[in-house]
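First the structure, in the form of structure tokens, and then the observations on it.
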Amino acid sequence: MTPATATLTAPTTAPAPAVQVLGRMGPRYDEILTPEALAFVAELHQRFGGRRHDRLADRMRRRFEIGNGHDPRFRDDTAHIREDAEWRVAGAGPGLEDRRVEITGPTDPKMTINALNSGARVWLADQEDATSPTWKNVIEGQLSLRDAIRGELTFTNDAGKTYEVTAERTPTIVMRPRGWHLSEAHLRFTDRAGREMAASGSLVDFGLYFFHNAQRLIDSGRGPYFYIAKLESSEEAKLWDDVFTFSEQYIGIPHGTIRATVLIETLPAAFEMEEILFELRDHCAGLNAGRWDYIFSIIKNYRGRGARFVLPDRSEVTMTVPFMRAYTELLVKTCHKRGAFAIGGMSAFIPNRRDREVTARAFEKVAADKKREAGDGFDGTWVAHPDLIPTAMAEFDAVLGDRPNQVDRQREDVEVTASDLLDVHIGRPVTAEGVHANVSVAIRYIEAWLRGLGAVAIDNLMEDAATAEISRSQVWQWIHQDRATAEGDLITRDYVEGLITRVLDEAPRRDDDRFDDAATIFRDVALGREFPAFLTLPAYAKFLVDIDETA
């Protein structure tokens, strides 16, 4: 195969930056990986790739500081931003004024069509935690989005059933690219100095989607909108804002056309909500309470800080525990102070159409979760299953009525301190059932992820990379903090190895399963002496990279 490359004319005699395709080319991949699109992606890397690496280094330093006893705090050097009452964010773009229920999901053709037919107001088209970043998923997800935006998407499954978009009003698409930490090994960037490196998953996902679809979305009366994941600082937000500004100039659309909603799903970001809004203010629509990654971030940052930072069974870490209440109330207050939307998170409970009792419990749990969010002032929420949309919609309709949102509702009654955000004491034990559940969920999720599935129903809960991260990081912390179960068993590597054996014995094995590989990854990220920042990093490098050796 002749590798596809793209160059831009450089203003100097130095070679132009280039992106080379190393992944195997499939049907229609050339419609996404055009020379013009790759030239744009190359220019994004040339301009912003170095700053991305700087921001990732900042993350490592911050984790080291927290691990050594320096708690995060509200920044003194940005106090003037928080104290200035005048500034506001851009707010909703066309089609984002009413976000009361958003459905989330991966971008394969069937899930794309189901989302567009769902009746939700917004679809989070997820190239991040709900997508396993195989090369096939990355590029064919882009094809699904391209076809959907042009009204050309259909899908026929192996049984001959055809899926089509039939809804008169489809949700506004908000695409979520991968976080700054993830690379795209199937594209290689070469800068003007001749240095080669793997591409950034963030810039690839954003760049390909924006280049091919921005003008089409504007023409349809909406716009290029994005969810931004895993941010840890306002400096990272500023980097995204500069990417947006450059990209608008590159294709010739007005400044501020792009709208971004930032997930506050890391502990450091919770201390910089206003600063993040400020840096993105010309492009910002709001913030989202990314609850599962936020819990993971708490564990990751405090994993070695002693017994008082050890959380109990994952099922006990609910949205009503003190640190989660503080985080969500601060988010709503901060958003509405600055004219931004506050979007709630996703309850993991999902219905089972073959089990009425499970379905009834899911509806009950989701209704309670969405009632609390709407009552707290959120302007919208997430669901992971179309059957949950009416339940979530009813709770927000009860509060909003005919209003599209409640951005004008100020939460002046809320006062959240740094100690409130760090109040992780729950007072519940770790149980043998909880340890087993974490091992089981993590291995089963990783197994599905290795087969290309990013959002997986396990034990009537919707699991994605974030919930798997909680599961494995809790196991790591319990071992390293010498925790014992309520039943009296010390949680050691040997104890967990016994559970791994049990999970593998109980697994529905078949010739093409990936359970053995999944167990290998789980051991690496949960039983090792070192703590990998993300389980997806070693798993991707070891099992998902499929380079065309002829490239």
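The values are calculated or read from the model by the stated rules, or taken from the named source; none is laboratory data. These figures come from a predicted structure and were not determined experimentally. So basically every Cβ, Gly included, is an ideal-geometry build from the backbone, and we count neighbours across all protein chains shown.
Could you tell me whether any residue of the stretch 501-514 is crowded, with 19+ Cβ neighbours inside 10 Å and over 24 Å from the mean Cα position of the chain (by Cα)?
yes
Mind listing whichever residues of the stretch 264-273 are buried (at least 24 other Cβ atoms within 10 Å of the Cβ) and part of a helix (DSSP H, G or I)?
267, 269, 270, 273, listed by residue number.
For a quick check of your reading of the model, give me the residue pairs whose first member lies in the stretch 314-330 and is farther than 10 Å from residue 295 by Cα, whose second is aromatic (Phe, Trp, Tyr) and surrounded by 21 or more Cβ atoms within 10 Å (Cβ to Cβ), with beta-carbon atoms closer than 7 Å and at least 6 apart or on different chains.
Here the result reads 327/294, each pair linking the stretch 314-330 to a residue that is aromatic (Phe, Trp, Tyr) and surrounded by 21 or more Cβ atoms within 10 Å (Cβ to Cβ).
In the stretch 212-221, how many are assigned to a helix (DSSP H, G or I) and over 17 Å from residue 176 (Cβ atoms)?
Within the stretch 212-221, residues that are assigned to a helix (DSSP H, G or I) and over 17 Å from residue 176 (Cβ atoms) number 4.
From the list 188, 176, 121, 169, which residue is more than 30 Å from residue 391 (Cβ to Cβ), in the same structural domain as residue 50 (by TED's automatic domain parsing) and basic (Lys, Arg)?
So the residue among 188, 176, 121, 169 that is more than 30 Å from residue 391 (Cβ to Cβ), in the same structural domain as residue 50 (by TED's automatic domain parsing) and basic (Lys, Arg) is 188.
Go through the residues of the stretch 314-333 one by one and say whether even a single one is at pLDDT below 95, surrounded by fewer than 22 Cβ atoms within 10 Å (Cβ to Cβ) and of a type in the set (Lys, Arg).
No, the stretch 314-333 contains no residue that is at pLDDT below 95, surrounded by fewer than 22 Cβ atoms within 10 Å (Cβ to Cβ) and of a type in the set (Lys, Arg).
What residue, of 427, 375, is of a type in the set (Gly, Ala, Ser) and under 20 Å from residue 345 (Cα atoms)?
Values: 427 fails: under 20 Å from residue 345 (Cα atoms).
Criteria check complete, one pass: 375.
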